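Asker: What follows is a single structure, and I will ask about it in a moment.
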Amino acid sequence: MDLTDLERLPGAADRNFEALTRAIVSRRYGAVGTMRERRNQPGVEFYLHVDHAGALGDPGRVWGWSCKWFILNSKNELSAGQRKQIEDSLSKAIEHVVGLTDFVLCLPERPAKGDEEWINGLGQQGVNVKLWSTENYDDQLAGHDELRSTFFGELALTADVLAQAHKRSVAPIEARWTPRLHTSHHVEHRIDRALLRPASFEWLQQRTDDIAARIQALRAAIDGLDNTFRQDAVEIADDLDRFVDDLREVLDAGSGLRPWEVRERLAEQQPPATSPRTLRRLVLKLRQRRLPEALLVTGLGAEIRDIVQWLHDTRADTEAPLLAVIAAAGQGKTHLAAQMTSPNDQPTAGSSSRAGTCAPAEPSTTSREGSPDLRSTTSRTYWKLSTQPVTAPAAGFR
């Protein structure tokens, strides 16, 4: 195996290298623990907390993977600058990844013996350092031929290959499908949300900005309250600011095309600790004092309730095992599938039709059974979706 072949795939080679490493760890070790990652995670691209004894050791160990796309010189030696980057990554990982026990340095080429010995001797503060390079990746891919083929073989996909596959798929309906006349509707928006496409976060972005403006109005009104309620108002504003900060993290992950992080943050997202009743009491106090900010603050409860519901619905859509668009023949399911899978600078979706005609390409996800204007069992279009159990929103805002 030659890992430098990743340069032939679309996109930056270092990103492809990270994607390959993440896919290997997820496939081989996902069952023994929980993978976590954050944008610009210091020191490592992602890490895994071991919950079950297995190939990564006993519960409690924490493994981190740091991918360095270093192309070595003719002697296969690391440069002084590359060594410094490795040392910096290890130090940051130890500082920022709580409980780190194993640090895996991933390189596309095996370095010279002296560099290997230097890497193996980097362990500090109880952290073991291991090297993954060409031979290790070959071993890790054993038994996962479909993954090997996806990155290095006939299953490797490019934008051109996907476009050609889409063209073949829609050929039977090409005479009836006019992309320029396509009009988006609520079903398509639901599908976009299940796919976590960036456009689906526009609603949340607008509501988050609205809440931030209302919190500003609340802070401006605090001075008009007497001492009895002023401290309570400050605590409420601080709590709502925390909620907004968490929402902006979700938005940042969504706009940055990091669906794994969106799902993780949706699972962790909590509604404000401030109850709707407490908010109503505060609004009443502002109105009693005829403060002009009372009008803006009044809408906080409704905005928060809508957002909490959106977060719950989005999590349900992204974690459902199977979502189906159902409608009578001639209602536009096939056209919708063709549109959703067409090349349009969006993350690629895939679908298949049952008792229908269109079957655009492979990859995953989408809209949910039960849309009121799409109810029938005569013809169905399905999108597969990975899942975890979904719990109801916390008490308070529903």
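Asker: Among the residues of the range 290-300, is any basic (Lys, Arg) and either part of a helix (DSSP H, G or I) or under 30 Å from the mean Cα position of the chain (by Cα) (or both)?
Answerer: Going residue by residue through the range 290-300, those that are basic (Lys, Arg) are 290.
Add one more test, that the residue is either part of a helix (DSSP H, G or I) or under 30 Å from the mean Cα position of the chain (by Cα) (or both), and what stays is none.
Within the range 290-300 (the criterion being basic (Lys, Arg) and either part of a helix (DSSP H, G or I) or under 30 Å from the mean Cα position of the chain (by Cα) (or both)), the answer is no, since none of the residues qualifies.
Asker: Could you list, in sequence order, the residues of the range 250-269 that are of a type outside the set (Val, Ile, Thr), crowded, with 17+ Cβ neighbours inside 10 Å and in contact with a helix residue (DSSP H, G or I) (Cβ under 7 Å, 6 or more places away or on another chain)?
Answerer: Here is the first cut: in the range 250-269, the residues of a type outside the set (Val, Ile, Thr) are 251-261, 263-269.
Next cut, crowded, with 17+ Cβ neighbours inside 10 Å only: 251, 253-254, 258, 261, 263-266, 269.
Once the filter is applied, which keeps residues that are of a type outside the set (Val, Ile, Thr), crowded, with 17+ Cβ neighbours inside 10 Å and in contact with a helix residue (DSSP H, G or I) (Cβ under 7 Å, 6 or more places away or on another chain), the range 250-269 yields Leu251, Ala253, Gly254, Glu261, Arg263, Arg265, Leu266, Gln269.
Asker: Within the range 185-203, is there a residue that is more than 21 Å from the chain's Cα centre (by Cα) and either assigned to a helix (DSSP H, G or I) or within 24 Å of Arg15 (Cα to Cα) (or both)?
Answerer: yes
Asker: If only one of Asp232, Asp192 is among the acidic types (Asp, Glu) and under 16 Å from Thr341 (Cβ atoms), which one is it?
Answerer: None of the other options fit; the residue is Asp192.
Asker: Filter the range 1-50 down to the residues that are small (Gly, Ala, Ser) and more than 22 Å from Asp145 (Cα to Cα) and list them by number. I'd like the intermediate steps shown before the answer.
Answerer: Initially, the range 1-50 is screened for residues small (Gly, Ala, Ser), giving 11-13, 19, 23, 26, 30-31, 33, 43.
Within the range 1-50, Gly11, Ala12, Gly33, Gly43 meet the criteria.
Asker: Now a separate question. Among the residues of the range 135-186 satisfying the criterion of being surrounded by 15 or more Cβ atoms within 10 Å (Cβ to Cβ) and polar (S, T, N, Q), which is nearest to Ser342 (Cα to Cα)? Give the steps one after another, and end with the answer.
Answerer: Filtering the range 135-186 down to residues surrounded by 15 or more Cβ atoms within 10 Å (Cβ to Cβ) leaves 136-137, 140-141, 147-148, 150-152, 156-157, 162, 165-166, 169-170, 173, 177, 182.
With the extra rule that they be polar (S, T, N, Q), the set shrinks to 136, 140, 150, 169.
Numbers: Asn136: 37, Gln140: 34, Thr150: 21, Ser169: 10 Å.
Filtering first and then ranking leaves Ser169.
Asker: Would you list the helices (runs of 4 or more DSSP H) that sit entirely within the range 101-178 and hold 3 or more residues that are among the hydrophobic types (A, V, I, L, M, F, W, C)? Before the answer, list the steps.
Answerer: Working: elements: 113-120, 134-140, 145-152, 159-170.
Those helices (runs of 4 or more DSSP H) span 145-152, 159-170.
Asker: Moving on to the next point. Restricting to the range 113-132, name every residue that is without any contact (Cβ under 8 Å) to a residue 40 or more places away in the chain and within 25 Å of Asn16 (Cβ to Cβ).
Answerer: Asp115, Glu116, Ile119, Val129, Lys130, Leu131
Asker: Just to be sure before I move on: is Gly11 at pLDDT below 95 and under 24 Å from Val262 (Cβ atoms) in the structure I sent?
Answerer: yes
Asker: Inspect the range 220-227 for any residue being within 30 Å of Arg38 (Cβ to Cβ) and free of Cβ contacts under 8 Å to residues at least 60 places away in the same chain and give the result as yes or no.
Answerer: No, that holds for no residue.
Asker: Which one of Val62, Val104 is surrounded by 13 or more Cβ atoms within 10 Å (Cβ to Cβ), within 22 Å of Asn16 (Cα to Cα) and modelled with pLDDT of 95 or more?
Answerer: After applying the criteria, what remains is Val104.
Each row is one residue, and each column tells you yes or no for (1) under 27 Å from the mean Cα position of the chain (by Cα); (2) of a type outside the set (Val, Ile, Thr); (3) on the phi < 0 side of the Ramachandran plot; (4) not in a strand (DSSP E or B).
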position	(1), (2), (3), (4)
Ala19	yes, yes, yes, yes
Met35	yes, yes, yes, no
Trp65	yes, yes, yes, no
Gln82	no, yes, yes, yes
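Asker: Is it the case that the range 111-127 has a residue that's crowded, with 17+ Cβ neighbours inside 10 Å and polar (S, T, N, Q)?
Answerer: no
The values are calculated or read from the model by the stated rules, or taken from the named source; none is laboratory data. From a predicted model like this one, the values you see are computed outputs, not experimental measurements. Every residue, glycine as well, gets a Cβ built from its backbone with ideal geometry; the counts of neighbours run over all protein chains shown.
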